[in-house]
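Presented below is the structure to which this report refers.
Please treat every number below as a calculation from the coordinates, not as lab data. This is a predicted model, so every value here is computed, not measured. Here the Cβ is made from the backbone with ideal geometry for all residues, glycine too, and neighbour counts use every protein chain on show.
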Amino acid sequence: MRHDEPDLRGYAVTHPPGPLIPPQAAGWHQLIYAVSGVLVVDTAEGRWTLPRHRALWVSAGIGHRLRVVHRSRLRILYAGERVRLLPPGCRVVDVPPLARELIVHLVERAPLDLDEPRQARLVAVLHDLLADLPSDPALLLPAPTDPRAVAAARLITELDVPTACLRVGVGRRTLERLFLAETGMSVGQWRRRRRMLDAVAHLAGGAQVGTVAQLVGYSTASAFAAAFRTEFGVVPSSWLPT
């Protein structure tokens, strides 16, 4: 960053479904927030699902790709080296109403300079609000890195695990070992997390629970609801738009 750069920049866009390439610049942290709609963000760590009222903090230097799942109102705060809203790395937080309005306000007011007392106070309030918010690791689908596990990961959402192993040419025990070492999950746990995050995206886009159950491979809505509650601790309808 140049010394004459502001401390915060903002970016606002309403985007239809599809890949999204917002402005990128080296040395800037990003707070990515979907006011409405659903985003997925891919990093080397894995895939983050961002339904409404969730924000993802991405530290400077972490490569990432954005895709809009359902038409989204996107707001991004670019934070310079003097602004550390959250710890290093990637982190999803649930954004309550006050933080939501402040993020939108800061994006509209940007660029901002911490040497301006009124602007510095606004940034400090956002920092305090975000610091108290719990992260939501369940919205991350960890990414395997071994080529065999990567190939299997592309298949096991649609195929059963033995068939996926046969297609890839890897034994079940080997695949389980790879997934546990690289994602911290068994193949079955990873497969369920993938399906449940797909379900979150559908639900947040307005699809009904019974429809979503079929879309992610469950024969009954009750079986889907039980699996969803096990994964997230809430019923599927809690993710429907309000």
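Considering only GLY184, GLY18, GLY169, give the residue with the highest GNM mean-square fluctuation for the chain, with springs between Cα atoms whenever their separation is below 10 Å.
Answer for the Gaussian network model of the chain: GLY169.
Estimate the FRET efficiency between SER59 and LEU133 by the formula 1/(1 + (r/R0)^6), using the beta-carbon distance for r and 22 Å for R0, to the nearest 0.05.
0.85
Order 75-82, 139-146 from most to least packed using the mean count of other Cβ atoms within 10 Å.
The peptides rank, most packed first, as 75-82, 139-146.
Summing +1 for each Lys or Arg and -1 for each Asp or Glu, what net charge is found among the other residues whose Cβ lies under 10 Å from the Cβ of HIS53?
Once all neighbours under 10 Å are counted, the net charge is +2.
Towards the positive end of the charge dipole of the stretch 8-138, with charges on Cβ (+1 Lys, Arg; -1 Asp, Glu), say which of LEU39, LEU114, ALA25 has the farthest Cα.
Value computed over the given set: LEU39.
Ratio to report: Rg/Rh of the stretch 174-242, with Cα atoms as the point set and Rh obtained by the Kirkwood method; give two decimals. Mind showing how you got there, number by number?
Values: Rg = 13.0 Å, Rh = 12.5 Å.
Reported Rg/Rh, Kirkwood definition of Rh: 1.04.
Quick one: Cα centre-to-centre distance for the stretch 1-78 and the stretch 129-205, in angstrom?
23 Å
Do you know the relative contact order of the stretch 122-221, to the nearest whole percent, from alpha carbon pairs under 8 angstrom that are 6+ apart?
21 percent
Given the DSSP H assignment, sum -39500 (n - 2.57) over each helix run of at least 4 residues in the chain and divide by its residue total; what's the result at 222 nm in deg cm²/dmol, nearest 500? Present the calculation step by step, with values, prior to reporting the outcome.
Details: 8 runs with 94 residues, N = 242.
About -12000 deg cm²/dmol.
In Å³ and rounded to a whole number, note down the convex hull volume per residue for the Cα atoms of the chain.
Values: hull volume 29.9 nm³, N = 242.
Convex hull volume per residue, Cα atoms: 124 Å³.
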